[in-house]
Amino acid sequence: MNIYDSARIRDALETLGYEETDEPTEADILLLNTCHIREKASEKLFSEIGRLNAFKQERARQKKETLIIVCGCVVQAEGAEILKRSHTVDIAVGPQNYHLLPEMVARFHRKNGRVLKADFPAESKFDYLPKTKATSASSFLAIQEGCDNFCTYCVVPYTRGCEYSRSAAEIIDEARQLVETGAKEIMLLGQNVNCWHGSGAADFGELLYLVAQVDGLKRLRYTTSYPSKITRSVIRAHAEIPQLMPYIHLPIQSGSNTVLKAMNRQYTAEQYIDIVEQFRKARPDIAVSSDFIVGFPGETEADFEQTLDVVRQVEYASSYSFKYSPRPGTPAALMKNQVPEEVKTERLIRLQALLLEQQKKAYEKTVGKTLEVLLVEKGKKKGQLIGYTPYLQTVHVEADDGYLNQIVPLKIKKASATSLSGELNCDINKKTGF
Ligand code: SAH
Ligand code: SF4
């Protein structure tokens, strides 16, 4: 979501004549987009500001002005604190106010006044942001933001606000813009993407059918799905829409019903497993991934064992797992039965070892097969490209730049736990990929 937001911030600043650069010494504006989800992410902010300040000072010696702008959820949570602690920050802007950035920058130049904007405005930023363009052959598109679920550990409902869905017409329009500017694949984004309830389609499942019809769109994905809000239409979409990739990110968080209840997750482990089975019935090769939190307050060894049991039962293709991080203002942070750090660490190591073993198996299963791979970037080695299989597995291949941004059938030769290496069939046409 932050990658998508950064692209929209770029679009907004382009209206003032700015251009994107990766070279900080060239930048008149240094932008820092922040995440508040876990303490570790938030902590990075002040050291990053220090790093950016070094560029600002260096440019000041050359008589060049530099604005430091901090964006994102940390601003939403502690914007005033950021301006107080870091005098070098000129503008701080929360995630629902990005459309106001051009005006804030112009105002800063007029009055040289530091500004903080972190309220939840009545208008939607999407109605005011200018048209966007593809960031690569695989581009993001936010369709839904915010959350009304209030899991007891999570800051999202406070930092991103309540659930908001864009209309189907607006989404399709943006999907067309992305395809016209080079996207072959679109990843629909939402804090709970399947809770989408915008106008123009009955539900998220129906929206998938509509977006898949956009001319020239070859691949469609979405993330993140909330398990108990999966509807039949989403499952059917995986059986019927050829562009919809066989991959579902479905975070369970914990395999213990006691912990799930304390987390205020609205499903049981049994219901979750049933949903996974329905996906697999519709699309037998579908890759399933999840998020896990270990060491939630009150989690016992027996609870944790239940998480391991679910992992063994589901067999994940990939996953993200985290130690529970107490976040200020959330109910779980005040729970008395916090789990000691060393227990969290030990559980995370055990869980990650099991998940990695499963991921390795999923990667190894592809060896010898020919898979369609969307080549999206250049590798570190000269003459190497990197792409993704339909199952979102990373593939490296020796191929010249003519194949970049193409979907190409690759014979998978080798697998490690985190990537594949493939080989081009020499009959492939560079322009079409086939
Ligand atoms: N809406 C999605 C998740 C969005 S947040 C869902 O409900 O599934 C992304 C992930 O960050 C979560 O799935 C969770 O695993 C993790 N996360 C959120 N808050 C956390 C916290 N306080 N400590 C550790 N991990 C957390
Ligand atoms: Fe956070 Fe997801 Fe729960 Fe919403 S559903 S509160 S985003 S973990």
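Please go through region 132-179 and pick out each residue that is without any contact (Cβ under 8 Å) to a residue 12 or more places away in the chain and out of contact with any Gly (no Cβ under 8 Å at 6 or more places or on another chain).
If we filter region 132-179 for residues that are without any contact (Cβ under 8 Å) to a residue 12 or more places away in the chain, which is where we start, we get 157, 173.
Passing the criteria: only Asp173.
Checking each residue in region 88-147 for being on the phi > 0 side of the Ramachandran plot and not polar (S, T, N, Q) picks out only Gly146. For region 145-181, filtered to residues that are of a type in the set (S, T, N, Q) and within 11 Å of ligand 2 (Cβ to nearest atom), the residue that is nearest to Phe204 (Cα to Cα) is Asn149. When the residues of region 211-250 are filtered to those that are within 12 Å of ligand 2 (Cβ to nearest atom) and assigned to a helix (DSSP H, G or I), the one that is surrounded by the most Cβ atoms within 10 Å (Cβ to Cβ) is Pro227.
Give region 260-270 a look and list any residue that's in contact (Cβ under 8 Å) with a residue 24 or more places away in the chain and more than 25 Å from the chain's Cα centre (by Cα), or say none. Give the steps one after another, and end with the answer.
Step one: filter region 260-270 for residues in contact (Cβ under 8 Å) with a residue 24 or more places away in the chain, giving 262-267, 269.
Ala262 - this is the single residue of region 260-270 that is in contact (Cβ under 8 Å) with a residue 24 or more places away in the chain and more than 25 Å from the chain's Cα centre (by Cα).
Of the numbered criteria (1) over 30 Å from Val156 (Cα atoms); (2) free of Cβ contacts under 8 Å to residues at least 12 places away in the same chain, the one Glu346 fails is (1). Kindly indicate whether any position in region 284-295 is within 15 Å of ligand 2 (Cβ to nearest atom), assigned to a helix (DSSP H, G or I) and not β-branched (Val, Ile, Thr). The answer is no; no qualifying residue exists. Scanning region 148-167 for residues that are open to solvent by less than 10 Å² (accessible area, probe 1.4 Å) and at positive phi yields a count of 1. Taken over region 296-316, the criterion of being farther than 16 Å from Glu346 by Cα, part of a loop (DSSP other than H, G, I, E, B) and open to solvent by 50 Å² or more (accessible area, probe 1.4 Å) is satisfied by Glu315 alone.
On inspection, Gly200 does not qualify as modelled with pLDDT under 95 and not polar (S, T, N, Q).
Checking each residue in region 353-370 for being within 25 Å of the chain's Cα centre (by Cα) and open to solvent by 80 Å² or more (accessible area, probe 1.4 Å) picks out Leu356, Glu357, Lys360, Lys361.
Does Val93 meet the test of being touching a Gly at 6+ places or on another chain (Cβ under 7 Å), away from ligand 1 (no atom under 16 Å from the Cβ), outside the structural domain of Cys195 (by TED's automatic domain parsing) and free of Cβ contacts under 8 Å to residues at least 60 places away in the same chain?
Considered against the rule, which asks whether it is touching a Gly at 6+ places or on another chain (Cβ under 7 Å), away from ligand 1 (no atom under 16 Å from the Cβ), outside the structural domain of Cys195 (by TED's automatic domain parsing) and free of Cβ contacts under 8 Å to residues at least 60 places away in the same chain, Val93 comes out as no.
Being touching a strand residue (DSSP E or B) at 6+ places or on another chain (Cβ under 6 Å), within 16 Å of ligand 2 (Cβ to nearest atom) and open to solvent by 10 Å² or more (accessible area, probe 1.4 Å): is that true of Gln253 here? Judged against the criteria, Gln253 is a match. If you filter region 317-339 down to residues that are of a type in the set (A, V, I, L, M, F, W, C) and in a loop (DSSP other than H, G, I, E, B), you find that the one that is most open to solvent (accessible area, probe 1.4 Å) is Met335. As a summary of the residue check, Gln271 satisfies the conditions (1) surrounded by 19 or more Cβ atoms within 10 Å (Cβ to Cβ); (2) within 16 Å of ligand 1 (Cβ to nearest atom) except for the one numbered (1).
The values are calculated or read from the model by the stated rules, or taken from the named source; none is laboratory data. What you are looking at is a predicted structure, and each value in this text was computed from that prediction instead of being measured. FYI the Cβ positions are ideal-geometry reconstructions off the backbone, even for glycines, and counts take in every protein chain you see. Quick note on the areas: whole protein, heavy atoms, side chains included, nothing else; ligands and nucleic acids left out. Shrake-Rupley method; radii C 1.70, N 1.55, O 1.52, S 1.80 Å.
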